[in-house]
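These notes are about the structure you will find just below.
The values are calculated or read from the model by the stated rules, or taken from the named source; none is laboratory data. All values reported here derive from a predicted model rather than from experimental measurement. Counting neighbours? That spans all protein chains shown, and the Cβs are built from the backbone with ideal geometry, glycine included. Areas reflect the complete protein model, heavy atoms only, side chains present, ligands, DNA and RNA absent. Shrake-Rupley method; radii C 1.70, N 1.55, O 1.52, S 1.80 Å.
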Amino acid sequence: MARFIQQPRRFPMFALPVAAALLLLLIVRAFVPRRRPGARGRVRSTVLATLGMAGLMVVPAAAWASPPYHGTFSSHEVFVDSEVCAPEGFSVDVVQDEVLAFRVFFAPSGAVAFVAVHVDYRAVISANGHTIVERDTWMDTYYPDGSARTVGNTVHIQGQGPGLVQHDAGQIVFVDGSVQAIHGPHPQFEGQSFCFALLP
């Protein structure tokens with residue numbers, strides 16, 4: 001009876017640049033300040049952990065010679081946030097959906113050039129008989145030197161009817177986790193709360 005010896009699985013060397021890029025994304029994102037301490041301030045650890053694990057999967061051997069490595073992750077959460085409007089004395093009910101579409105770009109040498117993550121965020125936030133709706137779309141770009149850039153409509157909240165509650169738009173540049181430059185209005189990022197629209 002022949003016995004077969006199972007060869008140990010080898011980590012594919014071509015997956016290393018992708019794994020490094022996604023690890024970079026996880027590390028940099030951990031140090032970039034959250035946009036608000038409330039509904040979206042809940043760090044997307046599950047999605048990002050999944051994103052990191054994707055780097056360990058098989059990718060095309062010539063990843064740097066072909067189109068960027070890419071993938072999409074989504075999450076749906078329903079929860080009560082007791083922190084975001086705590087100074088105003090109430091909690092909010094949140095239903096949020098988020099889709100992250102990432103691309104890992106490579107330099108001709110095969111090294112990671114940058115990682116771009118397109119975020120599509122939707123939330124319905126309710127309290128005291130009032131409801132506001134948030135619809136945001138933006139791009140986060142992470143570079144190997146530890147810098148990052150956020151561009152787009154990071155906050156677009158409307159109240160009941162046509163009223164605009166809050167709008168953050170433009171660009172934010174981060175270096176080593178600290179804000180280097182802000183272009184465009186970013187009231188929420190700079191500390192303004194949307195809770196006034198949910199007051200009793």
**Prompt:** Which length gain, in nm to one decimal place, applies between GLU88 and ALA181 when the Cα-Cα distance is subtracted from 0.36 nm times their residue separation?
**Reply:** 30.5 nm
**Prompt:** Around SER91, with a cut-off of 9 angstrom between Cβ atoms, what is the net charge of the other residues, counting Lys and Arg +1 and Asp and Glu -1?
**Reply:** -3
**Request:** Calculate, in nm to one decimal, what VAL124 and LEU164 gain on full extension: separation in residues at 0.36 nm each, minus their alpha carbon distance.
**Result:** 13.0 nm
**Item:** Qualifying trypsin sites (Lys or Arg not before Pro) in segment 121-160, DSSP loop, other Cβ atoms within 10 Å at most 15
**Value:** none
**Fill in**
In whole percent, the fraction of accessible protein surface over segment 90-130 that belongs to carbon or sulfur atoms, probe radius 1.4 Å, stands at 60 percent
**Sequence-distant residues sharing a close amide H with PHE114 (under 5 Å, placed H)** = PHE105
**Message:** Tell me the carbon and sulfur percent of the accessible area for segment 132-200, rounded to whole percent, probe radius 1.4 Å.
**Reply:** 54 percent
**Residues TYR143 and ASP97, FRET efficiency given R0 of 25 Å [Cβ-Cβ distance, rounded to 0.05]** = 0.35
**Message:** Can you give the local net charge around ARG122? Use residues other than it whose beta-carbon is closer than 9 angstrom to its beta-carbon, Lys and Arg +1, Asp and Glu -1.
**Reply:** -4
**Message:** For segment 67-119 and segment 140-172, what is the centre-to-centre distance using only Cα atoms, to the nearest Å?
**Reply:** 12 Å
**Request:** Using the heavy atoms of the protein chains and a 1.4 angstrom probe, tell me the accessible area per residue for segment 109-183 in square angstrom.
**Result:** 42 Å²
